[in-house]
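Written below as structure tokens is the structure these notes are about.
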Amino acid sequence: MSDLVRSDVEAYAAAHTTPFAASMERLHAEATAELAYPQMLSGPVVGRLLETLVFALRPKLVVEVGTYAGYSALAMAAALPPGGRVVTLEIDDTNADFAQRHIDASPFADRIEIVRGPALESLAALDGPFDLVFIDADKTGYPDYYEAALAKLAPTGLIAADNTLRDGGVLAPDSESDRVMAQLNDRWAADERVIVTQLTVRDGLTVIRRR
Ligand SMILES: C[S@@+](CC[C@H](N)C(=O)[O-])C[C@H]1O[C@@H](n2cnc3c(N)ncnc32)[C@H](O)[C@@H]1O
């Protein structure tokens with residue numbers, strides 16, 4: 001959880017967002033108990049926003065860069081139209097095993113595929129067009145994930161990138177990840193190929209479409 005938005009405001013937003021099924025809360029609790037870095041899980045507000053994007057876009061193919069516990073993949077899969085699928089990319093086997101277990105126990109196992117390995121290689125191997133790409137992995141990889149996603153983005157597709165405010169660190173970067181993200185935010189804002197909306201939801205979510 002980010003400190004960017006006051007914690008009481010975050011709690012208020014979560015309390016006024018339609019909750020997911022109880023199984024998602026159990027996944028969240030188990031990830032907190034079993035996995036490293038449980039704060040990486042996107043949570044109910046970003047999850048519901050992603051699910052709503054899927055609802056509106058009716059995508060055939062959603063690509064997620066960074067599976068972690070499978071929370072956001074399951075959130076997005078819940079709103080897929082018939083025949084739609086989520087392909088989610090994960091480098092860490094412990095995280096992928098955890099996510100696969102929860103995906104198998106969900107009603108959406110036939111719509112979600114975890115591809116293990118470095119995301120950039122997996123993106124290169126995937127056929128487009130991508131209707132929605134959720135970028136949520138190592139921050140120094142974002143510039144490459146963005147270019148790989150844009151190259152295969154459907155004409156009406158969207159890219160959503162998480163943690164783009166870095167808890168406010170993009171304002172005065174003091175780590176490599178903050179610097180990469182600050183430079184990328186500047187590049188996106190000036191990128192003539194796209195239209196960009198920098199949302200201040202949670203830790204910053206940037207939504208990008210073709211111009
Ligand atoms: C922030 S978490 C993803 C959270 C998940 N999208 C959610 O919202 O619940 C980032 C994940 O990206 C994975 N990751 C980091 N570097 C990666 C890479 N080069 N390729 C694929 N996955 C990577 C991490 O192992 C971690 O599970």
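The values are calculated or read from the model by the stated rules, or taken from the named source; none is laboratory data. Bear in mind the structure is a predicted one, so any value in this text is a computation, not a measurement. With ideal geometry, Cβ positions are generated from the backbone for all residues, glycine too; neighbour counts draw on all protein chains shown. Note: areas computed on protein heavy atoms with side chains; ligands, DNA, RNA excluded. Shrake-Rupley method; radii C 1.70, N 1.55, O 1.52, S 1.80 Å.
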* Enumeration of residues in segment 91-100 that are open to solvent by 30 Å² or more (accessible area, probe 1.4 Å) and free of Cβ contacts under 8 Å to residues at least 40 places away in the same chain -> 92, 93, 97, 100
* **So residue 172, is it part of a loop (DSSP other than H, G, I, E, B) and more than 15 Å from the ligand (Cβ to nearest atom)** => yes
* Identify all residues within segment 47-74 that are away from the ligand (no atom under 12 Å from the Cβ) and hydroxyl-bearing (Ser, Thr, Tyr); write none if there are none. => 52
* Structure fact -> Looking across segment 101-125 at residues that are over 17 Å from the mean Cα position of the chain (by Cα) and in a helix (DSSP H, G or I), the single one that is surrounded by the most Cβ atoms within 10 Å (Cβ to Cβ) is 102
* Asked: List, please: which pairs have Cβ atoms under 8 Å, are six or more places apart or on different chains, and start with a residue in segment 47-72 that is polar (S, T, N, Q) and end with one that is open to solvent by less than 10 Å² (accessible area, probe 1.4 Å) and assigned to a helix (DSSP H, G or I)?
  -> 67/73; 67/96; 67/99; 72/46; 72/47; 72/50
* Structure fact -> Sole miss for residue 88 among (1) outside any helix (DSSP H, G or I); (2) within 8 Å of the ligand (Cβ to nearest atom); (3) touching a residue at least 40 places away in the same chain (Cβ under 8 Å) is condition (3)
* Asked: Looking at (1) assigned to a loop (DSSP other than H, G, I, E, B); (2) open to solvent by 10 Å² or more (accessible area, probe 1.4 Å); (3) within 19 Å of residue 160 (Cα to Cα); (4) at pLDDT 95 or above, can you tell me which one residue 49 breaks?
  -> (1)
* Structure fact -> Of the conditions (1) away from the ligand (no atom under 14 Å from the Cβ); (2) closer than 20 Å to residue 49 by Cβ, the single one that residue 104 does not satisfy is (2)
* **Extreme residue, nearest to the ligand (Cβ to nearest atom), among residues of segment 107-129 that are touching a helix residue (DSSP H, G or I) at 6+ places or on another chain (Cβ under 6 Å) and under 16 Å from residue 84 (Cβ atoms)** => 112
* To do: Take the residues in segment 29-46 that are surrounded by 15 or more Cβ atoms within 10 Å (Cβ to Cβ) and near the ligand (Cβ under 9 Å from one of its atoms), then tell me which one is nearest to residue 80 (Cα to Cα).
  => 46
* Asked: Within segment 72-84, restricting attention to residues that are buried (at least 17 other Cβ atoms within 10 Å of the Cβ) and not small (Gly, Ala, Ser), which residue is farthest from residue 137 (Cα to Cα)?
  -> 80
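Here is a yes/no grid of residues against (1) aromatic (Phe, Trp, Tyr); (2) over 20 Å from residue 105 (Cα atoms):
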{"residue": "20", "(1), (2)": "yes, no"}
{"residue": "27", "(1), (2)": "no, no"}
{"residue": "34", "(1), (2)": "no, no"}
{"residue": "46", "(1), (2)": "no, yes"}
* Could you please give the count of residues in segment 132-169 that are more than 16 Å from the ligand (Cβ to nearest atom), closer than 19 Å to residue 120 by Cα and either at pLDDT below 95 or open to solvent by 30 Å² or more (accessible area, probe 1.4 Å) (or both)? => 2
